[in-house]
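Asker: Quick one: structure below, then a few questions.
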Amino acid sequence: MNCEHVAFVGGGRITRILLAAWERAGQLPERLAIIDPDAVAAERLTKLYPHARVCTDMVELMQDAPVVFLAIHPPLVVQAAESLSRCLHADALVVSLAPKVTLAQLANHLPSNAHVARFLPNAASLIGKGFNPLVFGGNWEQPARTRLRQVLQYFGECPEVPESQMEAYAILTAMGPTYFWFQWQELRQLAAKMELAATDADHALQVMLQGAIELLFQSGLTYEAVVDLIPVRPLKEEEDLWRSVLTEKLLATRKKIRPS
Ligand SMILES: NC(=O)c1ccc[n+]([C@@H]2O[C@H](COP(=O)([O-])OP(=O)(O)OC[C@H]3O[C@@H](n4cnc5c(N)ncnc54)[C@H](OP(=O)(O)O)[C@@H]3O)[C@@H](O)[C@H]2O)c1
């Protein structure tokens, strides 16, 4: 990777996802600095990455780090940006992974020439197959954009999107896998109850899911035509309930993560 030194504010799930993605791509930064008040989270990371430096303050964290990820929950981001602003060097790239906190809100707490971006990976970024919307703030000249893209390229697609769409993507793509995984896992367990070998069932399910995705999204058939291809739908009566749960819960979550 072009960037051999990366700092993280927050050493939880998304930090582990990004580090694992670089590791799988053989691109783990040689220098890694992390700050996290949760000793368990920090220890978990240093077990995985013994060369990671666990820091106790932002000055120690930043040193000459060219890129820093704000990998913390939205209510903590502004305060972290404020502490960061005192030790941010001019070329450093600041990447916030949190929904809800806008670039304008971040800019209020950082030096006026700071390079600030928002980035929204998802779990599949771990295997380089994430959908990772990206928004650049105001100060990004082309070389800085290229520098950041070189760091992010191992996570999958990184499309530039309007900032106003970030929370919609948080619902659709960052949290999206969770709407399906539990159902797929239940099918795997059901396959075992029906005495299918796990490898056979896993293969069959993967081919079925990939085929179903391509049929719906890429065949040119309408949703109605696709659904009409299968006459027996054992869950048909429950579909409306599931639809309303999905809509209600996801819209409520979107309301919660909307910028204030
Ligand atoms: N996980 C994903 O798939 C994903 C995808 C896209 C975006 N994100 C975003 O990434 C951010 C972090 O999510 P996550 O999944 O990594 O959450 P997480 O697993 O809960 O990790 C957050 C970590 O930050 C620590 N922390 C709390 N206050 C801190 C501070 N002041 N300075 C440094 N670290 C601090 C937390 O410690 P405590 O546990 O002690 O509070 C925790 O270890 C969120 O804004 C989330 O929306 C996550």
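Asker: Failed condition for residue 15, given (1) within 18 Å of residue 147 (Cβ to Cβ); (2) surrounded by 22 or more Cβ atoms within 10 Å (Cβ to Cβ), with all others met?
Answerer: Here residue 15 clears every test but (1).
Asker: Just checking: which of the strands (runs of 3 or more DSSP E) contained wholly in the stretch 65-120 hold 1 or more residues that are under 21 Å from the mean Cα position of the chain (by Cα) and over 15 Å from residue 8 (Cα atoms)?
Answerer: 115-119
Asker: Within the bounds of the stretch 125-133, is there any residue that is surrounded by 18 or more Cβ atoms within 10 Å (Cβ to Cβ) and assigned to a helix (DSSP H, G or I)?
Answerer: yes
For every residue, the table says whether it meets (1) in contact (Cβ under 8 Å) with a residue 24 or more places away in the chain; (2) charged (D, E, K, R); (3) surrounded by 14 or more Cβ atoms within 10 Å (Cβ to Cβ); (4) away from the ligand (no atom under 14 Å from the Cβ).
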site: 156; (1), (2), (3), (4): yes, no, yes, no
site: 167; (1), (2), (3), (4): yes, yes, yes, no
site: 183; (1), (2), (3), (4): no, no, no, yes
site: 190; (1), (2), (3), (4): no, no, no, yes
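Asker: Right, something else. When the stretch 18-31 is examined, which residues are found to be farther than 17 Å from residue 46 by Cβ and either without any contact (Cβ under 8 Å) to a residue 40 or more places away in the chain or within 8 Å of the ligand (Cβ to nearest atom) (or both)? Don't jump to the end; show me each part of the working.
Answerer: So the first thing to find is which residues in the stretch 18-31 are farther than 17 Å from residue 46 by Cβ, and the list is 21, 24-27.
Of everything in the stretch 18-31, just one residue is farther than 17 Å from residue 46 by Cβ and either without any contact (Cβ under 8 Å) to a residue 40 or more places away in the chain or within 8 Å of the ligand (Cβ to nearest atom) (or both), namely 26.
Asker: Now for a different question. Taking the stretch 1-29, which residues are at pLDDT 95 or above, assigned to a loop (DSSP other than H, G, I, E, B) and out of contact with any Phe, Trp or Tyr (no Cβ under 6 Å at 6 or more places or on another chain)?
Answerer: Correct list: 10, 11, 12, 26, 29.
Asker: Right, something else. Just to be sure, is residue 71 surrounded by fewer than 19 Cβ atoms within 10 Å (Cβ to Cβ), within 16 Å of the ligand (Cβ to nearest atom), touching a residue at least 60 places away in the same chain (Cβ under 8 Å) and among the small types (Gly, Ala, Ser)?
Answerer: Values: surrounded by fewer than 19 Cβ atoms within 10 Å (Cβ to Cβ): no; within 16 Å of the ligand (Cβ to nearest atom): yes; touching a residue at least 60 places away in the same chain (Cβ under 8 Å): yes; among the small types (Gly, Ala, Ser): yes.
So residue 71 fails the test.
Asker: Something else about it: Looking at 55, 3, can you tell me which residue is within 21 Å of residue 130 (Cβ to Cβ), out of contact with any Cys (no Cβ under 9 Å at 6 or more places or on another chain) and more than 8 Å from the ligand (Cβ to nearest atom)?
Answerer: 3
The values are calculated or read from the model by the stated rules, or taken from the named source; none is laboratory data. All values derive from a computational prediction rather than experimental measurement. Because the Cβ atoms are built from the backbone with ideal geometry, glycine has one as well, and the counts that use them run over all protein chains shown.
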